[in-house]
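The next block holds one structure in the form of structure tokens; read it before the comments.
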Amino acid sequence: MIRARLATRLPAWQATRKYVPRSRAFSCVAADSKGLARAVRAVKVKVITVSKGNSQGTEIVAGEWGDKIKRYTQFEHLQVKPNPKKAGSPQVAVQAEGEKVLKAIAAQDYVVLLDERGKSMTSEGMAKLIAKVGDNRVSNLVFSIGGPYGHSSEVRMRADEMVKLSDMVLNHQIAHLVLVEQIYRAWTILRGEPYHH
């Protein structure tokens, strides 16, 4: 009787949801209307960006999204400085950047490059990607945003997938913000939480 009265005070999505404590190992919820919510191994997410750094405002917003992602899994952002060898040639700069990016990737990581020539991906597609990677028991899910001239051929060869965030070319700061928000959104989809409509 008391439980029934409490349920009437909760929003519908909470009243029908099973209580499952959040854990660093697994995230489980009842299926949502789209059928995407499911048990997912919380694989660590790493975002690598080749950039001089973000503006203070971008850092604050990206940090907020990163903290939200940490509700579900471990999250890390790694910045690689562009053109570490101060080369005059874009090809040499991209090669040097690629070497730094590859050093940050372990052999068992699942690597997704963000590239304007990659495949389009919906928010639901991002959720399915995270679930797939969790199912495959890899160490980390790594997203890499290249520098002004993109990724080196070696980084492209190492990638497991290439996706694009937009048909338009995005500034690296905007791409970073869009990516971390979409990673968070994907986790809310997998948890069946009401953030994604």
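Summary table
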quantity: Tally of residues being out of contact with any strand residue (DSSP E or B) (no Cβ under 8 Å at 6 or more places or on another chain), modelled with pLDDT of 95 or more and either part of a loop (DSSP other than H, G, I, E, B) or of a type in the set (A, V, I, L, M) (or both) across the range 138-168; calculated: 2
quantity: Matching residues in the range 79-94 - criterion: being closer than 21 Å to A175 by Cα and part of a loop (DSSP other than H, G, I, E, B); calculated: K81, P82, N83
quantity: Within the range 58-82, considering residues that are touching a residue at least 12 places away in the same chain (Cβ under 8 Å) and basic (K, R), the one nearest to R191 (Cα to Cα); calculated: R71
quantity: Near pairs, Cβ below 7 angstrom, 6+ apart or cross-chain, from the range 83-110 (farther than 12 Å from G146 by Cβ) to any residue that is of a type in the set (K, R); calculated: P84/K100; V92/K85; A96/K85; L102/R158; I105/R158
quantity: Qualifying positions in the range 95-115 - outside any strand (DSSP E or B), open to solvent by 20 Å² or more (accessible area, probe 1.4 Å) and not aliphatic (A, V, I, L, M); calculated: Q95, E99, K100, K103, Q108
quantity: Test: residue in the range 169-192 that is over 22 Å from G98 (Cα atoms), touching a strand residue (DSSP E or B) at 6+ places or on another chain (Cβ under 8 Å), open to solvent by 20 Å² or more (accessible area, probe 1.4 Å) and not aromatic (F, W, Y); calculated: no
quantity: Matching residues in the range 133-182 - criterion: being farther than 25 Å from H196 by Cβ, in contact (Cβ under 8 Å) with a residue 60 or more places away in the chain and of a type in the set (G, A, S); calculated: S139, G146, G147
quantity: Any chance E193 is outside any helix (DSSP H, G or I), among the acidic types (D, E) and more than 30 Å from S89 (Cβ to Cβ); calculated: yes
quantity: Residue within the range 37-47 that is modelled with pLDDT of 95 or more, buried (at least 18 other Cβ atoms within 10 Å of the Cβ) and in contact with a helix residue (DSSP H, G or I) (Cβ under 9 Å, 6 or more places away or on another chain) present; calculated: yes
quantity: Residue within the range 13-23 that is assigned to a helix (DSSP H, G or I), modelled with pLDDT under 75 and among the hydrophobic types (A, V, I, L, M, F, W, C) present; calculated: yes
quantity: Subset tally (residues that are more than 23 Å from the chain's Cα centre (by Cα) and of a type outside the set (V, I, T)) for the range 78-130; calculated: 12
quantity: Residue that is farthest from Q173 (Cα to Cα), among those in the range 57-78 that are among the polar types (S, T, N, Q) and surrounded by 15 or more Cβ atoms within 10 Å (Cβ to Cβ); calculated: T73
quantity: Of all residues in the range 140-168 being polar (S, T, N, Q) and under 16 Å from R117 (Cβ atoms), the one that is surrounded by the most Cβ atoms within 10 Å (Cβ to Cβ); calculated: S144
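Residue-by-condition table, conditions (1) touching a Leu at 6+ places or on another chain (Cβ under 9 Å); (2) closer than 23 Å to V61 by Cα:
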position	(1), (2)
V92	no, no
A106	no, no
L114	yes, yes
E124	yes, yes
I130	yes, yes
I174	yes, yes
L179	yes, yes
Y184	no, yes
L190	yes, yes
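The values are calculated or read from the model by the stated rules, or taken from the named source; none is laboratory data. Only a predicted model underlies this, so the values are computations on that prediction, with no experimental measurement involved. Quick reminder, even Gly has a Cβ in these numbers, built from the backbone with ideal geometry, and neighbours come from all protein chains shown. For accessibility, only protein heavy atoms count, side chains too; no ligands or nucleic acids. Shrake-Rupley method; radii C 1.70, N 1.55, O 1.52, S 1.80 Å.
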